[in-house]
Amino acid sequence: MFEALTERFGDVFRRIRGRGRITEENVAEALREVRTALLEADVHVSVVKQFTDEVMKKALGAEVIKTLHPDQVLIKIVHDELVQLMGPVDPRIPYVTPGPTVILMAGLQGSGKTTTCGKLAKLIMSRGKRPLMVAADLKRPAAIDQLEVIGGQVGVPVYAERGEQNPVKVCRNGVLHARKTDRDVVILDTAGRLAIDDELMNEIHQVEQATQPHQVFLVIDAMTGQDAVNTAKRFNERLELDGLILTKFDSDTRGGAALSAKMITGKPIKFIGTGEKLEALEEFHADRMAGRILGMGDVVTLVEKAQQQFDAKEAEKLQKKMASGMTLDDFMAQMNKMKSMGSMKDIMKLIPGMSTQVDGLEVDDRELDRFEAIIQSMTPKERRNPEIIEASRRRRIAKGSGTDPKDVSGLIKSFTQVRDMMKVMSNMSMMDRLRSAAQFAKMAAGGIMPRLKGGSTMSQKRRETRKEKRQRRKKHRR
Amino acid sequence: MGLFDRFVKGLAKTRDKIARSFRSVLPFGKKIDDAVIDQLEETMLMDDMGPGTTTRLIAEVRTAYKSGEISETQEIIPFLKRRIVSYWPESDRKLIMAPSGPTVILVVGINGSGKTTSVAKLCHYLHQQGKQVILGACDTFRAAAVAQLTEWSNRLGVQIVKHQQGADPGAVAYDACDAAVARNADYLILDTAGRLHTQEHLMRELNKIQRVVEKKIPGAPHEVLLVLDATIGQNAVNQAKMFGQHVKVTGLFLAKLDGSAKGGIVIGIHDQIQVPVKFVGLGETPADIEPFDPESFVEALFSEAA
């Protein structure tokens, strides 16, 4: 999403770094680049202006010029300013007692309201609530069907009145229905409307009056251009907005809309939509986002993602295994866990210092499938102790998995590297562990994986002499 | 209502905004100076023309000023109008027709850009001209997308080829091609699922649909229309580029132009991508479609508020 912006900032600061000494003009020049980058990212002109002015002021006040690491100081200022611009963040949804808590969703056509309703319902349900969705989009053909299908997918009931033309009535009845059926959260899905369409803006205002929602969320497409400001402003004028939800953040949009909409309305960004699946709704974190912009990676998200996949017990078991040395079976189990976290590319993007490198790199997720095939072609004994695999076994495994003997030795080599690293890491603190994981990933991205892809040989080592081979075998027989 | 009137009406908001901002930026009968140009630049940026295009246009204004071609503020807008219209070459903005048999139109775009509504508009437009149109519901992914298109086909009175949700869109395209040939249709319009241009596998799926169609009907799809939401920002350029890499995009359908208070993105898009805008969507009913005409577009964009 913000990668391109990250690159630009990277360029600017690299150039400054090359110069050694920094002058006031250099700072101004860097900020001009920042300005263009932000404009290309669709940040609103007025917001850009305010942002660069503020950074300039702070940069001069902090005497960036005289510090030892001016680029770092400047990055920090830009970073802090970005955080401030997008924050403060409050991803909580305040529930009322007695319920139901009524949430009204509004937005332009095609911003992703209906899908977001489903995602939000799923999220709310996972927090122990019992949501109900109300199909109040009576404009678009089959919008009710869509919400019902989504409701079925997430297991949330949908209240709809087919044939009814008045969304105000449907919403009012929906809330009553929730009370009757003991649902404690009601999500109202309304029709998409243009902020300049007075008639429809009146209508949603009436819905608001009739249902007295506790939360009103505006759904905005993260790819929106300068117009995001107008949309956000007008909706904010007509409705009492409580928060913003930005959608389609899994695209390569630079997401300037997020910056501007927050600035203009002063309302917090609550969630961001990051994928087509109904789980893909994340809490918004300004600091993480700013970190991402500046290429600092997003370790926190990575850790959270990992936490969702690995439960504590498993982690403990894993810890023990790591210390005692893992087998290829464990390795495979880990790979499968990683696969369920998302594509390799997505995961790697979250690692500090990786985001800019990932772009040029074609990471093939099928590589993991090949690894799996290779491991499955091994005997249990070989999986426990891959050192026993010599040329003949290697040929057999390659044949069984439909790969090349070279691939087999490649896999074994990566595995031994990982295993050895794990052994070291199991004795480290959490922070050190993350750091070396990042280092390893960098190594992997630059070295092992692309090499594997080309199918070229992994082992650049010289061949063992007969004596060495004998010794190695002897060692493992013991 | 004539074509121009409809355009003017649909663009009323855009024109209001631009005419107003340009007028306020450019006081009448003043010499051009740096302050005026700065102001002009800011306005163009706000209209989503993008930093690249804006810089270029501003440079042209400066050059024209230095060469004495223009000297006063009120000359800037007519100058820009001439420049912008000249950006659109005489590329054919008419729909490409099959020499014989059905003309296949593949409609693609990101989620929520307005594909299905645009398909309905296109269908209405061709149907009005007495053409026989068949719709193919290749959006088998989004919940109720097939139902949405079916509803349109009922309202418009045209035939539709569809499968179940979750079916292979390539298979739908296959059957739709068969039906179009067998029933001797003039046009086959294929609606596809919205997909982000960054999703490699979904882009490959799109390419597969194109290949299926190619195999069934030689020369097809004759037209691949990329639907772009007019409120979108600079990312529209990326979209057009990425879609172009996977399918042969032959034209743009600029949807929701009635909502965008700017419309300047068209200038940015056309400045960077050599694909003509073929249609614009100007409202919510199927009749709200117009062939894109740069003359009227720019005219409406810059004309005084009525």
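Miscellaneous remarks
- B:G50 vs. criteria buried (at least 20 other Cβ atoms within 10 Å of the Cβ) and farther than 30 Å from B:P169 by Cβ: yes
- Annotation: of all residues in segment B:40-56 being farther than 15 Å from A:H44 by Cα and without any contact (Cβ under 8 Å) to a residue 40 or more places away in the chain, the one that is nearest to the other protein chains (Cβ to nearest Cβ) is B:T55.
Results for (1) under 26 Å from A:M201 (Cα atoms); (2) aliphatic (A, V, I, L, M); (3) assigned to a helix (DSSP H, G or I), shown as yes or no for each residue.
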{"site": "A:K119", "(1), (2), (3)": "yes, no, yes"}
{"site": "A:K122", "(1), (2), (3)": "no, no, yes"}
{"site": "A:M133", "(1), (2), (3)": "yes, yes, no"}
{"site": "A:L147", "(1), (2), (3)": "yes, yes, yes"}
{"site": "A:Q153", "(1), (2), (3)": "no, no, yes"}
{"site": "A:E161", "(1), (2), (3)": "yes, no, no"}
{"site": "A:D182", "(1), (2), (3)": "no, no, no"}
{"site": "A:V186", "(1), (2), (3)": "yes, yes, no"}
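- Set side by side, the residues A:A232, A:A210, A:A261, A:A286 differ, and just one is in contact with a Lys or Arg (Cβ under 6 Å, 6 or more places away or on another chain) and either touching a residue at least 12 places away in the same chain (Cβ under 8 Å) or surrounded by 20 or more Cβ atoms within 10 Å (Cβ to Cβ) (or both), which is A:A210.
- Members of segment B:120-145 found to be surrounded by 24 or more Cβ atoms within 10 Å (Cβ to Cβ) and within 12 Å of B:A193 (Cα to Cα), listed by number: B:G136, B:A137, B:C138, B:D139, B:A145
- Of all residues in segment A:94-113, those satisfying the criterion of being buried (at least 17 other Cβ atoms within 10 Å of the Cβ), more than 14 Å from chain B (Cβ to nearest Cβ) and part of a loop (DSSP other than H, G, I, E, B) are A:G99, A:P100.
- Some residue of segment B:225-242 being at pLDDT 90 or above, surrounded by fewer than 20 Cβ atoms within 10 Å (Cβ to Cβ) and more than 14 Å from every other protein chain (Cβ to nearest Cβ): no
- Test: residue in segment A:165-172 that is under 34 Å from the mean Cα position of the chain (by Cα) and assigned by TED's automatic domain parsing to the domain that holds A:S111: yes
- Among the numbered conditions (1) in the same structural domain as A:I204 (by TED's automatic domain parsing); (2) of a type outside the set (S, T, N, Q); (3) without any contact (Cβ under 8 Å) to a residue 24 or more places away in the chain, the only one that A:L108 does not meet is (3).
- Only one of the numbered conditions (1) modelled with pLDDT under 75; (2) surrounded by fewer than 20 Cβ atoms within 10 Å (Cβ to Cβ) is not met by A:P91, and that is (1).
- Every listed requirement among (1) within 14 Å of chain A (Cβ to nearest Cβ); (2) of a type outside the set (G, A, S); (3) surrounded by 16 or more Cβ atoms within 10 Å (Cβ to Cβ) is met by B:N154 save one, (3).
- Residues being in contact with a Pro (Cβ under 9 Å, 6 or more places away or on another chain), farther than 27 Å from B:D229 by Cα and at pLDDT below 80 are represented in segment A:62-83 by at least one member.
- Only one entry of B:R204, B:R195, B:R211 meets the criterion of being at the interface with chain A (Cβ under 10 Å from one of its Cβ atoms) and not polar (S, T, N, Q), and that entry is B:R195.
- Annotation: B:G68 fulfils all but one of (1) modelled with pLDDT of 65 or more; (2) more than 14 Å from chain A (Cβ to nearest Cβ); (3) surrounded by 18 or more Cβ atoms within 10 Å (Cβ to Cβ); the unmet one is (3).
- Selection from segment B:66-119 of residues that are more than 24 Å from the chain's Cα centre (by Cα) and part of a loop (DSSP other than H, G, I, E, B): B:S67, B:G68, B:E69, B:I70, B:S71, B:P99, B:S100, B:G101
- Restricting B:H197, B:H201, B:H163 to those that are at pLDDT below 90 and either within 22 Å of the chain's Cα centre (by Cα) or part of a loop (DSSP other than H, G, I, E, B) (or both) reduces the list to B:H197.
- Condition check for A:G174: within 14 Å of chain B (Cβ to nearest Cβ) and over 19 Å from A:I220 (Cα atoms): no
- Selection count where residues are buried (at least 22 other Cβ atoms within 10 Å of the Cβ) and not in a helix (DSSP H, G or I), scope segment A:365-379: 1
- The residues listed here are B:A179, B:A171; of these, the one that is over 25 Å from A:E276 (Cβ atoms), in a helix (DSSP H, G or I), more than 27 Å from the chain's Cα centre (by Cα) and small (G, A, S) is B:A179.
The values are calculated or read from the model by the stated rules, or taken from the named source; none is laboratory data. Just so you know, these numbers come straight off a predicted model, no measurement behind them. Don't worry about glycine lacking a Cβ; one is built from the backbone with ideal geometry, like all the others, and counts go over all protein chains shown.
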